[in-house]
Amino acid sequence: VYATASPPLSTACLECLVRLASVRRSLFATEAGRARFLEALVGDTLAVLRTRAGLDEHANYHEFCRLLGRLKTNYQLSELVASSDYAAWIGAVAEFTVSSLASWAWAAGSVFYLLALWSRLVTSMPYLKGDAPSLLDAHVPSITRAYICSRLESASALGSDDGSPLAGDEGSLADQLDALPHLCRFQYAQTADLLAGLLDPLAAAHAGACGGG
């Protein structure tokens, strides 16, 4: 229905999927049935990520971000990793997240769900058992970089008609900053090098401007 509909019907479809993704473990007769259910959710969200079908509609985009976030809220990392499409799915979610962070004017109200997803994935790493790789080390640094760089770039829009996520709703910004430390600490050395490389030249330029004044 989602693939063939337009808002508000397609958006309602995604709202239903968010609720279906929240179904409690106790409602499944067997763990195998629950695993098949998750397999379908991962496979179908991957299909949307690959085609970007309907995601140019903002209402659909927002609900889709909520759906991605819900998958980690209701399922363990070990369960996601066990999905046959996990490797492709985590790569597609990472690409989607990076592009969303770059499009901060479009995604301002939805970024929290994506950052929360990655934060929960990272904080689940100590509990991941088995040999299947999480692949988070391949994707989290690029997401951390995308967030920091996009927010620095958006600073130029402060006070303009385009607006800036740095001057947006304080509650939303606080939620984002609650998730960010988990991502930064995941690859701490890389994050430190990134911040030093970005901020040291800015600090030097600011000091020079103040001294010149």
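Looking at G130, S150, L114, which one has the Cα that reaches farthest to the positive end of the dipole of segment 43-164 (charges on Cβ: Lys, Arg +1; Asp, Glu -1)? Going by the charge dipole, the pick is G130. Within the set (1) 62, 40, 32; (2) 72, 42, 28; (3) 52, 41, 32, the number that Cα extents along the principal axes in Å takes when calculated for this structure is listed as (2).
Loop-only check: which trypsin sites (Lys or Arg not before Pro) in segment 22-78 are DSSP coil with at most 10 other Cβ within 10 angstrom?
On the way: sites: R24, R25, R34, R36, R50, R52, R66, R70, K72; in loops: R24, R52.
The qualifying sites are R24.
With N set to the number of residues, divide the alpha-carbon radius of gyration of segment 1-74 by 2.2 N^0.38 Å and report two decimals. All intermediate terms of the calculation are to be shown ahead of the outcome.
Values: Rg = 12.6 Å, N = 74, 2.2 N^0.38 = 11.3 Å.
Dividing the Cα Rg of segment 1-74 by 2.2 N^0.38 Å gives 1.11.
State which helices in the chain qualify, where a helix is a whole DSSP H run, it must extend 27 Å or more along its own axis by its Cα atoms, and its mean Kyte-Doolittle hydropathy must be at least 0.5. Taking the DSSP H segments of the chain (at least 27 Å long, mean hydropathy at least 0.5), we get 188-212.
Distant-in-sequence amide contacts of A21, defined by a placed amide H-H separation under 5 Å and a gap of 5 or more residues or a different chain, comprise nothing. Only helices enter this figure: runs of n ≥ 4 DSSP H residues, each worth -39500 (n - 2.57), summed and divided by the residues of the chain, yield -23000 deg cm²/dmol at 222 nm to the nearest 500. The dipole here belongs to segment 18-58: it is taken about the Cα centre, uses +1 on the Cβ of Lys and Arg and -1 on the Cβ of Asp and Glu, and is about 200 debye.
Dipole check for the chain: with +1 at the C-beta of Lys and Arg, -1 at the C-beta of Asp and Glu, and the Cα centre as origin, the magnitude is about 680 Debye.
Values quoted throughout were computed directly from the atomic coordinates according to the rules given, and no laboratory measurement underlies them. Quantities reported herein were computed from a predicted structural model and do not represent experimental measurements. Quick reminder, even Gly has a Cβ in these numbers, built from the backbone with ideal geometry, and neighbours come from all protein chains shown.
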